[in-house]
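> For reference, the structure I am asking about is given below.
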Amino acid sequence: DNVDQKAAAELGIKVSNTPEAPAEAVAEMTVAALLALNRQLVPANTALHMGEWKKTIGSGLKGQKVLLLGFGRIGRRTAELLRVFGAELMACDPQWNSAEAERLGVRRAVLPEALAEADVISLHAAGRDTLLGAAEFARMRPGVALLNSARGDLIDEAALIAALEKGVVVRVWLDVFCEEPYRGVLTKFPQVLLTPHIGTYTRQCRLEMETAAVANLLRDLGL
């Protein structure tokens, strides 16, 4: 969606992408971030580096209700990884893949009801329309964890900050932002884990993306 595809078509410019390559890397990082948040690894590490021996009780994934907003390639791979931990999985996506949902044990959910049920909400949707604003945060149960590896625009930042201050959202991981590099208010919240849009930054993923891009280029040039 960074390319004006209508204009490209009018000018006879071929446009291609590499949708398969990022799925594994982004799904892995999503699960890694959730584990780090649930077990409070970052504050435990920080405390120990400061000479403090602090033990805190975290949360396991077994039995947690995870809502996936988007059930495309990355959402499905995330579900595949999470089911190994015994999480209860549900997803919202207008383009529903019933075969994959059945294979992965993912229940189709309606967003308003699912928001009130979820312990974890993970965004994997396309597009730039806001999915989580003040009305959606108001429906969430207190203590929810929120993960976003998709698009910064999907979350209303002001509404998220209000939800953090109220204790509705207690753990957050963001790898994407409306403006990048990000230097906003969320940097002040210790319960928010922030990474600089590195979901696809594995050697394997970058090699696969670049190889696929070259293959697309050769195909589109008729070589």
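> For region 18-33, does any single residue satisfy the condition of being over 18 Å from the mean Cα position of the chain (by Cα) and not charged (D, E, K, R)?
Yes; the residues of region 18-33 include at least one that is over 18 Å from the mean Cα position of the chain (by Cα) and not charged (D, E, K, R).
> Looking at Ala116, is it farther than 30 Å from Ala21 by Cα, more than 17 Å from the chain's Cα centre (by Cα), surrounded by 20 or more Cβ atoms within 10 Å (Cβ to Cβ) and not acidic (Asp, Glu)?
no
> What single numbered condition from (1) β-branched (Val, Ile, Thr); (2) under 19 Å from the mean Cα position of the chain (by Cα); (3) surrounded by fewer than 14 Cβ atoms within 10 Å (Cβ to Cβ) fails to hold for Val170?
(3)
> Now for a separate question. If you take the residues of region 175-191 that are under 24 Å from Arg39 (Cα atoms) and under 14 Å from the mean Cα position of the chain (by Cα), which of them is surrounded by the fewest Cβ atoms within 10 Å (Cβ to Cβ)?
Val176
> Has region 147-159 got at least one residue that is open to solvent by 10 Å² or more (accessible area, probe 1.4 Å) and over 16 Å from Leu132 (Cα atoms)?
No, region 147-159 contains no residue that is open to solvent by 10 Å² or more (accessible area, probe 1.4 Å) and over 16 Å from Leu132 (Cα atoms).
> So for region 24-42 (the condition being out of contact with any Phe, Trp or Tyr (no Cβ under 6 Å at 6 or more places or on another chain), of a type in the set (Asp, Glu) and closer than 24 Å to Gln204 by Cβ), does at least one residue qualify?
Checking region 24-42: at least one residue is out of contact with any Phe, Trp or Tyr (no Cβ under 6 Å at 6 or more places or on another chain), of a type in the set (Asp, Glu) and closer than 24 Å to Gln204 by Cβ.
> Only one residue in Ala7, Ala25, Ala33 is open to solvent by less than 60 Å² (accessible area, probe 1.4 Å), over 22 Å from Thr195 (Cα atoms) and either outside any helix (DSSP H, G or I) or among the aliphatic types (A, V, I, L, M) (or both), so which one is that?
After ruling out the rest, the residue left standing is Ala7.
> To continue, here is another question. May I ask you to list pairs of residues, at least six apart or on different chains, whose Cβ atoms are under 7 Å apart, with the first in region 65-94 being closer than 14 Å to Leu131 by Cα and in contact (Cβ under 8 Å) with a residue 60 or more places away in the chain and the second being among the basic types (Lys, Arg) and open to solvent by less than 10 Å² (accessible area, probe 1.4 Å)?
none
> Please work out which residue is farthest from the chain's Cα centre (by Cα), limiting yourself to region 127-146 and to residues that are closer than 8 Å to Ala159 by Cβ and surrounded by 21 or more Cβ atoms within 10 Å (Cβ to Cβ).
Phe137
The values are calculated or read from the model by the stated rules, or taken from the named source; none is laboratory data. Bear in mind that the values here come from a model prediction, so they are computed numbers and not experimental data. With ideal geometry, Cβ positions are generated from the backbone for all residues, glycine too; neighbour counts draw on all protein chains shown. For accessibility, only protein heavy atoms count, side chains too; no ligands or nucleic acids. Shrake-Rupley method; radii C 1.70, N 1.55, O 1.52, S 1.80 Å.
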